1. Collect the residues in the stretch 102-117 that are open to solvent by less than 50 Å² (accessible area, probe 1.4 Å) and either assigned to a loop (DSSP other than H, G, I, E, B) or hydroxyl-bearing (Ser, Thr, Tyr) (or both), keeping them in residue-number order.
2. Only one of (1) closer than 16 Å to THR184 by Cα; (2) surrounded by fewer than 19 Cβ atoms within 10 Å (Cβ to Cβ) is not met by TYR133, so which one is it?
3. Please specify each residue of the stretch 76-101 satisfying the condition of being open to solvent by less than 10 Å² (accessible area, probe 1.4 Å) and assigned to a strand (DSSP E or B).
4. Among the residues of the stretch 1-24, what is the count of those that are farther than 22 Å from ILE249 by Cα and either open to solvent by less than 30 Å² (accessible area, probe 1.4 Å) or modelled with pLDDT of 95 or more (or both)?
5. Which residue pairs have Cβ atoms closer than 6 Å, lie 6 or more positions apart in sequence or on different chains, and pair a first residue in the stretch 278-297 that is hydroxyl-bearing (Ser, Thr, Tyr) with a second residue that is part of a helix (DSSP H, G or I) and open to solvent by less than 20 Å² (accessible area, probe 1.4 Å)?
6. Which ones in the stretch 215-255 are under 27 Å from SER178 (Cβ atoms), at pLDDT 95 or above and touching a helix residue (DSSP H, G or I) at 6+ places or on another chain (Cβ under 9 Å)?
7. Specify which of the listed residues (GLY168, GLY176) is crowded, with 21+ Cβ neighbours inside 10 Å, in contact (Cβ under 8 Å) with a residue 24 or more places away in the chain and at positive phi.
8. Which members of the stretch 179-206 meet the condition of being open to solvent by 60 Å² or more (accessible area, probe 1.4 Å), of a type in the set (A, V, I, L, M, F, W, C) and out of contact with any strand residue (DSSP E or B) (no Cβ under 6 Å at 6 or more places or on another chain)?
Amino acid sequence: MPVEFIGLIATQDGSESSPATVPFIDPGYAGRIARAHEDSGFDQVLIGYSSAYPDGAQLAAYAAAHTEKLRFMVAHRPGFVAPTLAARTFATLDHFTGGRVTLNIITGGHDVEQRRDGDYLAKDDRYARTDEYLSILRRAWTAETPFSHEGRFYRFEDFVSQVRPVHGTIPLYFSGSSPAAYATGVKHAQTYMFWGEPLAQIAEQIAAVRAAAAVAGQPAPRFSVSFRPILGATEELAWERAHAILDRINPSRFFGDAGQGPANVGSQRLLAAAATQDRHDRALWTATARASGAAGNSTALVGTPDTVARALLDYHELGVTTFLIRGYDPLDDAIDYGRELIPAVRAEIARRDSAALPVPA
């Protein structure tokens, strides 16, 4: 199975463990980190969403102008703009980037964060809205004649767009760890995304999503897992660096008060894994998730590039074909991943795929 690597870019450096050194919107930094990911062999980069962040579509357009092949996964929350407008917005962006846009659909697991943008729906209602929203979005990209819609959340008449995605549609990535998330995601998304849990728990989630797809009569999606790799020249140096990062983590810097406890199931699962022990499987470390309140993808893979590559391959054997990896030192880590980690994983998967091919008669 081929493998895909996703990084993350932003308009400012810094992370939970390191304060920013540039202005909140620094075009120079945005261009540098996008180029670093392209040069490092990443397939695409995620542009995150928050009620306090810059607009992701505009960042994608800017970064695309400074790269050639890198694709841009724009995180998008249904409900804050009409799906007909979103369809035109992202189809337009797709043209100006040369067909390099994907979407990460985020229904929203934090009530407080949703309300900052004026959304007061309960969680299950948000998933119902997302389902309706994505059905409209996908039809808006392909309809050649006007169509009308009257649903629970949206109503319009005689809509048709003259702008359609470069390749006919835009790939959708979806996340969420509740049954409502599974049921919605398998209807619309090509790739289902998980945060970095122990192998047994990821296998459990993959099975649950595949079962939901079977119930819905849909093909099973691809699967992605997100990690924060912490590399070192030796195991000892990697763990020394990991503990130094842990000591510096300030959850309020990016994610607010972790002490309130997360409302979303994904974060609850990460904290449950962290409560049992810090180290799991070959290299998974959950102490960083506990320290940051599991706000976002926050579990680490710690070790030499070879150890971390083998850890990623363990997930690949479960059926994971996409890895979202980002570091606590965003720019330098992206470069290091491209130098040592990504090539090792790709080479081993290529070797295994070649060995599995039938021998010509």
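1. So the first thing to find is which residues in the stretch 102-117 are open to solvent by less than 50 Å² (accessible area, probe 1.4 Å), and the list is 102-109, 113-114.
Matches in the stretch 102-117: THR102, ILE106, THR107, GLY108, GLY109.
2. Result: TYR133 passes all but (2).
3. Result: VAL101, single match.
4. Narrowing the stretch 1-24 to residues farther than 22 Å from ILE249 by Cα: 1-6.
Now narrow it down to the ones that are either open to solvent by less than 30 Å² (accessible area, probe 1.4 Å) or modelled with pLDDT of 95 or more (or both): 3-6.
Number of matching residues: 4.
5. THR286/ALA273; THR286/ALA274
6. Residues satisfying the conditions are VAL215, ALA216, GLN218, PRO219, ALA220, PRO221, PHE223, VAL225, PHE227, ARG228.
7. GLY176
8. Initially, the stretch 179-206 is screened for residues open to solvent by 60 Å² or more (accessible area, probe 1.4 Å), giving 179, 187, 190, 195, 200-201, 204.
Next, only the ones that are of a type in the set (A, V, I, L, M, F, W, C) stay: 195, 200.
If the condition is that a residue be open to solvent by 60 Å² or more (accessible area, probe 1.4 Å), of a type in the set (A, V, I, L, M, F, W, C) and out of contact with any strand residue (DSSP E or B) (no Cβ under 6 Å at 6 or more places or on another chain), then ALA200 is the only one that fits.
The values are calculated or read from the model by the stated rules, or taken from the named source; none is laboratory data. Please read all numbers here as calculations on a predicted model, not as lab measurements. Cβ atoms come from the backbone with ideal geometry, glycine included; neighbour counts cover every protein chain shown. Protein only, heavy atoms only, side chains kept; ligands, DNA and RNA dropped before computing areas. Shrake-Rupley method; radii C 1.70, N 1.55, O 1.52, S 1.80 Å.
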